[in-house]
Amino acid sequence: MSTRRPTRSPRDAMVDSAIVLFRERGVAATSLRDVVAHSRAPRGSIYHHFPGGKDELAREATRRAGDFIARLLGELVDSADPVATVDLLVDHWSGVLLGSDFAAGCPVAAAALAPDDTAGARDAAGAAFGQWEDLLAGAMRGRGLAADEAADRAALVVSAVEGALLVSRARRTDAPLRAVGRELARTLA
């Protein structure tokens, strides 16, 4: 029985590398050359797999990152109440911050700040944030909260956590993220 991991396609490697680089540098500061070098993909393959260039790659990377967090949120809301979900989400992002020495943040937030030449990434970021809010709001409605109040609280959670990630990176401490988590727990309790 072989224990070798399946080889990722050059396309998947480039998307995964774009996610990593966007988390650390942002979309504007990440070139296609950076992505190819990081992914170790063949040089000529970027336009083969992404004929739309950086905008297409950024859009796909943002979608994939957004889907990853949506799956994580889905697992959390299925197994925990909203307060525990926020605690677990804060723990996840704290681990990302600390594990990268505050170099990495949310790649979806990075895409939300993308320049005009990668507007597709901004659109994908907006869709991802909406998907996360929908998941959280659905969980809150399932626990008896009115639809409009659930939607407002879900928007608060996503916006507060994303903002706290930015402040935490800038201050090089997860204290703002932890503080937001505690306040959200009080609000949701």
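The values are calculated or read from the model by the stated rules, or taken from the named source; none is laboratory data. Fair warning: this is a prediction, and the values are worked out from it, not measured in the lab. Glycine also receives a Cβ, built like all others from the backbone with ideal geometry; neighbour counts cover every protein chain displayed. For the accessible areas, the whole protein counts, side chains as well, though only heavy atoms, and no ligand, DNA or RNA atoms are used. Shrake-Rupley method; radii C 1.70, N 1.55, O 1.52, S 1.80 Å.
Points worth noting:
- In degrees, nearest ten, helix 147-171 long axis to first principal axis of the chain (Cα): 60
- Per-residue SASA entry for ARG141, accessible area with 1.4 Å probe, Å² rounded to 10: 120
- Shape class of the chain from the Cα gyration tensor (axes a ≥ b ≥ c, square roots of the eigenvalues): prolate, since a/c reaches 1.5 or more and a/b is larger than b/c.
- Gain upon complete extension [ARG182, ALA155; 0.36 nm per residue less C-alpha separation]: 8.1 nm
- Tilt relative to the chain, helix 10-25 - C-alpha long axis, 0 to 90 degrees, to 10: 60
- FRET efficiency for PHE102 and ALA146, using Cβ-Cβ distance with R0 set to 22 Å, rounded to 0.05: 0.05
- Accessible area in square angstrom per residue, the chain, 1.4 angstrom probe: 52
- In plain terms, the chain from SER9 to ARG71 could stretch by 20.1 nm, reckoned as 0.36 nm per residue minus the Cα-Cα distance.
- Global form of the stretch 45-97, assessed from the alpha-carbon gyration tensor, a/c cut-off 1.5: prolate
- Only helical runs count toward this figure. For the chain, summing -39,500 (n - 2.57) over DSSP H runs of n ≥ 4 and dividing by all residues gives -25000 deg cm²/dmol at 222 nm.
- Residue-span extension gain [LEU166 to ARG43] - 0.36 nm each, minus C-alpha spacing: 41.0 nm
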